[in-house]
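Any read-out appearing in this document is the output of simple, stated calculations on the displayed coordinates, not a laboratory observation. Everything quoted here is computed from the prediction, not taken from an experiment. Counting neighbours? That spans all protein chains shown, and the Cβs are built from the backbone with ideal geometry, glycine included.
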Amino acid sequence: MPNGKPAGVRCVQLDEHDGCRIFGHPDRPRVCGSLPPSREMCGDTREQAMFFLAELERLTA
Ligand code: SF4
């Protein structure tokens, strides 16, 4: 996304399975690679991970 991904907006690089279309590609934003997964962030379910991400976006809006 040329001007960065606004909070609350789905990344255009996500495919229909929520996978990154440019994973491993040099054009992938550095910030994406600098955010390693963790138990706190991912939780045990997709719903827990999405709740954590929504909180991050809310806190950084
Ligand atoms: S890793 Fe980065 S570029 Fe890939 S889908 Fe997620 S936010 Fe988009």
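Some points to look at:
- Here each label is just a point 7 Å from Cα along the line to Cβ, and for Cys20 and Gln48 those points are 2.2 nm apart.
- Binning the alpha carbon pair distances of the chain at 10 angstrom intervals from zero yields the distribution 18, 53, 28, 0, expressed in whole percent.
- Axis angle, to the nearest 10 degrees, between helix 46-60 and the longest C-alpha principal axis of the chain: 80 degrees.
- For chymotrypsin sites (Phe, Trp or Tyr not before Pro), the sites in the chain that DSSP calls loop and that have at most 15 other Cβ atoms within 10 Å are Phe23.
- Among the GluC sites (Glu not before Pro) within the chain, those in coil by DSSP and having at most 10 neighbouring Cβ atoms inside 10 Å are Glu16.
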